[in-house]
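To start, the structure under review is shown below, and the notes come after it.
The values are calculated or read from the model by the stated rules, or taken from the named source; none is laboratory data. Please read all numbers here as calculations on a predicted model, not as lab measurements. Here the Cβ positions follow ideal geometry from the backbone for every residue, glycine too, while neighbour counts run over all protein chains shown. Just the protein is used for accessible areas: all its heavy atoms, side chains included, with ligands, DNA and RNA removed. Shrake-Rupley method; radii C 1.70, N 1.55, O 1.52, S 1.80 Å.
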Amino acid sequence: MIRVGLIGAGFVGRNHFNQYEKLRGRASVVALCDREADRRAGDWSKVGGNLADTQGTKRDLGAIKPYTNWQDLLADANVDLVDICVPTTAHCEISIAALKAGKHVLCEKPMALSVADCDLMLAAGRDAPGKFMIAQCIRFWPEYVFLKSVFDQKKYGLLKALSLRRQAEAPTYSLNSWVLKPELSGGAVLDLHVHDVDFAIHLLGKPQAVTAQGYPSPQGSLDHIHAFWHYGPGLVVSLEGCWDLPAGFGFNMGFTAVFEQAAITWDLATGKPLAVFRSGCAPETPAMPAGGDGYFGEIAYFVECIERGQTPKTSTPQESRDAVALALAEKKSALSNKRVNV
Ligand SMILES: NC(=O)c1ccc[n+]([C@@H]2O[C@H](COP(=O)([O-])OP(=O)(O)OC[C@H]3O[C@@H](n4cnc5c(N)ncnc54)[C@H](O)[C@@H]3O)[C@@H](O)[C@H]2O)c1
């Protein structure tokens, strides 16, 4: 049984808590740290989010040990795995301390706000006995898993064009709206768009160069960006990320992938299943890989790695560091109006 200490019981911390409950018998939350007394006590009625979470807002935490300070949770010998779900500015310090304390560490995305911080985290992970993974849920999301699988198998021939999109109204649900402060979240490029940046790395590896355009929010961060990733002739890759759409839009993530013999489209907000279009055939809606959504998938995978004593092969700290670097390269391109070599 892997004993989990969860740090941060907001939108994503509550979600992770629910995933561990589904892994009963293999992993169990034994300690929970949040600065806010109500959240620490399992009252999550004021916690919001952009994806539905229907598993209750007030929880009886029973024997789960509450902590006000994350340092005390790290000193708890009963904790094997530290799951970090606090605002991004704290990822680096807490991850490094947890790794030094000998814990396994799962840390939310983006890994950090700067490449320098990511590098410090990478170095700490290399020296530590514990396993270390960044929680990039999109790598485990069924529709994206399907896309990666048909791409790897060349089921529909070679990929010719890929458009990844993540579009949202302004996220107003984080505690004290920290996510809207670019100095704390990195703005939409690092907080939201990084999901697609990471998935593109997962699918295609790093490009030779990026070009991007965007426009700033009143707070001064790029909250709407369109980027092209340059891999050379024969492949067109574009990524769109924004959270400045009108209130009421909600949230959408999706993609269009054009292969030699088929096109695949999916958009969460339509409520329609992923569809495969082939000339002369009726559209197909293949069954998606089983196993729950990306939040469950990433946590189940990391727990399995710990159980087997294996270093995670996907969503590695190095890849997550590259995702931060590429998102920042896009930002540099958008601000300078120049192509940025990677
Ligand atoms: N994977 C995803 O889809 C996804 C979605 C949302 C957020 N995130 C990431 O998860 C992280 C948290 O975001 P969120 O939306 O859950 O934020 P949130 O504001 O909803 O929750 C953050 C929680 O952390 C607590 N906290 C802050 N500093 C703390 C500290 N030093 N010690 C203890 N508790 C502390 C707050 O009290 C709050 O309850 C961010 O890095 C964000 O980018 C990922």
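A few remarks follow.
- Here the translational diffusion coefficient of the range 210-342 follows from Stokes-Einstein with Rh set to the Kirkwood radius across Cα pairs; for 20 °C and 1.002 mPa s it amounts to 118 µm²/s.
- Using the rule -39500 (n - 2.57) for each DSSP H run of four or more residues, divided by the residues of the chain, the 222 nm mean residue ellipticity is -9500 deg cm²/dmol.
- The range 132-256 - charge dipole about Cα centre, Lys and Arg +1 at Cβ, Asp and Glu -1, debye rounded to 20: 500 debye
- Cα Rg, Dmax, the chain, angstrom units: 19.8, 63
- Placing a label point 7 Å from the Cα of Leu245 along the Cα-to-Cβ direction, the residues of the range 158-188 whose backbone N falls under 15 Å of that point are 164-172.
- Accessible surface of the chain, 1.4 Å probe: 53 percent of it comes from carbon and sulfur atoms.
- Selected from Lys331, Lys181, Lys109 as most flexible by GNM, with the chain as the system and alpha-carbon contacts under 10 Å: Lys181
- Accessible solvent surface per residue of the range 2-134, calculated while the other protein chains remain in place, 1.4 angstrom probe, Å²: 41 Å²
- Charge dipole magnitude, Cβ of K and R +1, D and E -1 - the range 2-134, Cα centre, debye nearest 20: 360 debye
- Angle between the chain longest axis and helix 142-153 axis [Cα atoms, degrees, rounded to 10]: 50 degrees
- Here the Gaussian network model covers the chain, with springs between Cα atoms less than 10 Å apart; of Gly297, Gly241, Gly280, Gly280 fluctuates the most.
- Low-density loop cleavage sites - trypsin sites (Lys or Arg not before Pro) in the range 1-86, where at most 12 other Cβ are within 10 Å (DSSP): Arg24, Lys46
- Relative contact order, percent, the chain [alpha-carbon distance under 8 Å, six or more residues apart]: 19 percent
- Rounded to the nearest 20 debye, the dipole size of the chain about its Cα centre is 520 debye, using +1 on the Cβ of Lys and Arg and -1 on the Cβ of Asp and Glu.
- Distance between the range 3-82 and the range 149-203 - C-alpha centres, whole angstrom: 25 Å
- Antiparallel bridges, percent of DSSP beta bridges restricted to the chain (to nearest 5): 55 percent
- Cross-link table Lys206/Lys332; Lys109/Lys331; Lys58/Lys181; Lys109/Lys154, entries beyond 19 Å C-alpha to C-alpha: Lys58/Lys181; Lys109/Lys154
- Descending by average beta-carbon neighbour count within 10 Å, the peptides 66-74, 318-326, 263-271 line up as 318-326, 66-74, 263-271, the highest first.
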